[in-house]
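Heads up, the thing below is written out as structure tokens.
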Amino acid sequence: MRVTSLAGVIALGLVATVFALASSIAPAQTPADAALDARLKRLELTLRCLVCQNQTLADSDAPLAADLRREIRELAQGGKSDDDIRGFLTSRYGDFVLYDPPVQRNTFVLWFGPFALLVAGAAIWWRMGRRRARESQAADDGAAAARGRSLLES
Amino acid sequence: MKSAWRWSLPFLVFAALAVFLYTGLFRDPREVPSPLIGKPAPAFALRDLHEPGRTFGTTDMRGQVWLLNVWASWCESCRIEHPLLVDLARQKIVPIVGLDYKDKDDLGKKWLADRGNPYSVSIVDGDGRVGIDWGVYGVPETFVVDKEGIIRYKQIGPVNADVLAKTIVPLVRRLQQS
């Protein structure tokens with residue numbers, strides 16, 4: 001009984017703390033703010049942080065990432081589209097900032113190379129299969145003829 | 001002839017792949033080629049570190065070849081390149097503009113007082129906006145800008161004696177003559 005009441009008090013205290021923290025952390029947000037946050041989050045998840053390189057701009061704690069997030073937010077608040085923002089970043093840092101590389105002349109091999117290899121592999125496989133079928137057919141014919149001959153001779 | 005191809009093709013493919021991967025071993029993925037090379041240097045007008053009332057901008061360097069060195073007192077590898085810059089400044093080959101990047105003024109000034117000041121002008125980029133315009137992501141960085149204000153070269157990370165002697169100084173001299 002005493003144990004459960006103590007646990008109850010602790011649980012209640014924890015719940016109260018969580019609520020207090022949540023209300024102090026989250027500022028009053030309008031739906032427009034929330035929509036902008038969501039849009040920027042989506043955009044930042046497709047952009048690379050140049051300092052850590054394997055983290056997105058949304059995930060990175062690097063000071064440069066924070067600066068870039070601030071810059072992106074200001075551009076978005078100034079009415080720039082996602083494409084404008086991507087252009088802003090690629091004109092300064094190159095296509096490397098994009099996790100999704102654009103299809104252009106110097107990325108053709110990157111985009112289509114694997115498919116070309118797949119097609120080439122499939123073609124070789126198909127040709128080898130056909131040749132093997134022809135050879136085994138010929139071998140069968142040869143074996144049958146030999147058996148026929150041996151039957152005739154015996 | 002046909003069978004020669006059949007046997008050599010896998011080896012050729014292997015050799016091509018091996019060359020490809022081998023060269024990849026020696027490339028530094030941290031060095032992202034800047035799209036700004038060959039493009040006009042992004043304009044700025046920034047506060048002078050030593051004379052806060054004065055601003056200094058890209059237009060002040062029109063007509064001469066100059067270096068922009070991005071540094072900060074908090075930047076560890078800036079310590080490595082600093083003596084080289086002091087030495088370069090002493091030879092009076094090319095003016096070096098120092099961009100104190102996201103730094104505290106007094107720390108920056110103290111740093112220059114302690115280690116020598118190679119910069120013909122020191123300017124302050126407190127919030128890093130000019131750094132972003134110039135595509136800076138790893139301080140120190142050094143840019144070579146020509147007489148027309150076009151960026152000709154970018155060194156990411158500290159310059160070393162080799163890069164200075166073999167790349168930067170010859171490039172500066174060539175640009176100065178053109």
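The numbers here are math on the coordinates, done by the rules we state, and not lab data. Here the structure is a predicted model, which is why all the values come from computation and not from measurement. Counting neighbours? That spans all protein chains shown, and the Cβs are built from the backbone with ideal geometry, glycine included.
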Worksheet item: Quick one: in segment A:29-85, which of the residues that are aliphatic (A, V, I, L, M) and without any contact (Cβ under 8 Å) to a residue 12 or more places away in the chain is nearest to B:Gly157 (Cα to Cα)?
Response: A:Ala66
Response to the item:
Reported set for segment B:90-102 where residues are buried (at least 19 other Cβ atoms within 10 Å of the Cβ) and closer than 21 Å to B:Trp66 by Cβ is B:Val94, B:Ile96, B:Val97, B:Gly98, B:Leu99, B:Asp100, B:Tyr101
Worksheet item: Is it true that some residue in segment B:101-111 is within 26 Å of B:Lys147 (Cβ to Cβ) and away from every other protein chain (no Cβ under 12 Å)?
Response: no
Item to complete: Kindly provide the set of residues from segment B:143-164 that are closer than 13 Å to B:Val65 by Cα and either outside any loop (DSSP other than H, G, I, E, B) or in contact with a Cys (Cβ under 6 Å, 6 or more places away or on another chain) (or both), ordered by number.
Response: B:Phe143, B:Val144, B:Val145, B:Ile150, B:Ile151, B:Arg152, B:Tyr153
Item to complete: Tell me, please, whether a residue that is without any contact (Cβ under 8 Å) to a residue 60 or more places away in the chain, surrounded by 11 or more Cβ atoms within 10 Å (Cβ to Cβ), within 13 Å of chain A (Cβ to nearest Cβ) and in contact with a helix residue (DSSP H, G or I) (Cβ under 9 Å, 6 or more places away or on another chain) can be found in segment B:36-51.
Response: no
Worksheet, complete the sentence: Residue hits (segment B:105-115; out of contact with any strand residue (DSSP E or B) (no Cβ under 8 Å at 6 or more places or on another chain) and surrounded by 15 or more Cβ atoms within 10 Å (Cβ to Cβ)) are B:Lys109, B:Trp111, B:Arg115
Worksheet entry | Residue that is surrounded by the fewest Cβ atoms within 10 Å (Cβ to Cβ), among those in segment A:64-92 that are more than 9 Å from chain B (Cβ to nearest Cβ) and charged (D, E, K, R) | A:Asp83
